[in-house]
Amino acid sequence: MVFWLLIGALTLATILVLARQMLRLRDTATSNDDDTSKLSSDMKVYRDQLSELDRDVARGTVTAQDAERARIEISRRLLEADKAAQAKTRPTDAPRTLSRLALGLCAILLAGGAFGLYWLLGSPGFQDLGREKRIAKSQEMRESRPSQAEVEADMPPWPGPPAEAPADYLELIEGLRDAVTKNPDDPHGLDLLVQHEAAIGNMVAAHKAMGHLIEVKGAAATADDFVRQADLLVNAAGGFISPEAEDMLRKALERDPNHQLARYYSGLMFAQNGRPDMGFNLWRGLLEEGPDTAIWWSSVRSQIGSLATFAGVDYTPPDAPTRPAVPNLTGPSADDIEAAQEMSGEDRAAMIQGMIDRLSERLATEGGTPEEWARLINVLGVVGNTGRASTIWDEAQTLFQNNPDALATVRIAAEQAGVAP
């Protein structure tokens, strides 16, 4: 109501200003008696001067030639005074009725146009939200959001392992499940189960196993453990950060306030709950801190512009790095493995092994990006060759020991393959 009263008052004030300007000429035409009197007095003086000039000529005090020049000058001034007096008393050309009609039309157009434009482009009826109200509403949204279980209940059921996963690998996972069931408090078995359930996309089972692993570790649980659980919960919820995932992030940041992945997910959580200002501050720090090779960097850079707009900040993100094209990745792709399903078991294994060998040889001789090293470890883990995956992981640690962010990229693959603690 206050908003509409304020807008109405401003509109009325604008109309009154226009009315004053449109009716001003006629109104002032009848209120210039003082000016007209002054002009009439000037004209009388000029007439008196002409009469006095004639008397001066008759008395001989002024020559006829000087009198003629003076008469011309006085006559000119008299004509100018008369012209000015006529301009002051001239009425407006437009009739009063027409002026009022034009004023009424302008008022209708101004008021109707302003309110109509706001009705189309604004938010009529939307509550006026000051900073404190917005923060309170954000907090209410955050507290009333659905739980992890509620979100998962609305998600599509897990479709099962990917078609390219080898049968013997799936058998190994099934055996691992049985082993964990028999010895549920074995941290190593739980860690392996988390990695391999996540590798085949069974995120719900993975985060349940990870939750129990954190319980088993107790006070020994690290920031990485809690972030790992948060990541599994977020993936199981389709990108939504539930209260349970937020709790994991909070515990991770209590142990390591600079944990980058925890800060990334925390920024995302604030963005999802109406606090773009806090989300922007977290993401800006991450983006400018870098490195641009981090797994979250591209995601943050692509989204921080809109987050800055909602936060009311004029911000230009840094340019994306220019990197040379990645040369032929000769490791097996999903299409390669799918095509291999039509082969015999021995031929399929030989083909996949050949691809792995070629990628491994190229990385050993020519080097490669952290993503390529991670891919090789990932594939070795999928086919169950954890011994070789562990060897590659050891080599990667030596190669990237001076590049913590590249090493972090490879570590994720190593953890999924079950070869990194």
Problem - Cα-centred dipole magnitude for the stretch 148-311, charges only on beta-carbon of K, R (+1) and D, E (-1), debye, nearest 20 - result: 520 debye
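Would you kindly state how much longer the chain becomes between D394 and A114 on full extension, computed as 0.36 nm times their sequence separation minus their alpha carbon distance, in nm to one decimal?
Details: separation 280, 0.36 × 280 = 100.80 nm, distance 6.94 nm.
Here the segment from D394 to A114 would lengthen by 93.9 nm.
Please compute the length gained on full extension between L18 and M141, using 0.36 nm multiplied by the number of residues separating them and subtracting their Cα-Cα distance. Working shown, then result.
Numbers: separation 123, 0.36 × 123 = 44.28 nm, distance 4.68 nm.
Result for the pair: 39.6 nm of gain on full extension.
Take the Cβ-Cβ distance between E361 and K208 as r, set R0 to 51 Å, and report the resulting FRET efficiency rounded to the nearest 0.05. Let's see the in-between values first.
Values: r = 39 Å, r/R0 = 0.77.
Given R0 = 51 Å and the Cβ-Cβ separation, E is 0.85.
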Problem - Contour minus Cα-Cα distance for R77 and Y315 (0.36 nm per residue) - result: 79.0 nm
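How much FRET efficiency would the formula 1/(1 + (r/R0)^6) give for Q65 and K44, where r is the Cβ-Cβ distance and R0 is 45 Å, rounded to 0.05?
Numbers: r = 27 Å, r/R0 = 0.59.
Step by step, r from the Cβ atoms, then E = 0.95.
Bear in mind that the values in this text are calculations on the coordinates, not laboratory data. Everything numeric in this text was worked out from a predicted model, so none of it was measured. Cβ: placed from backbone, ideal geometry, glycine included. Neighbour counts: every protein chain shown.
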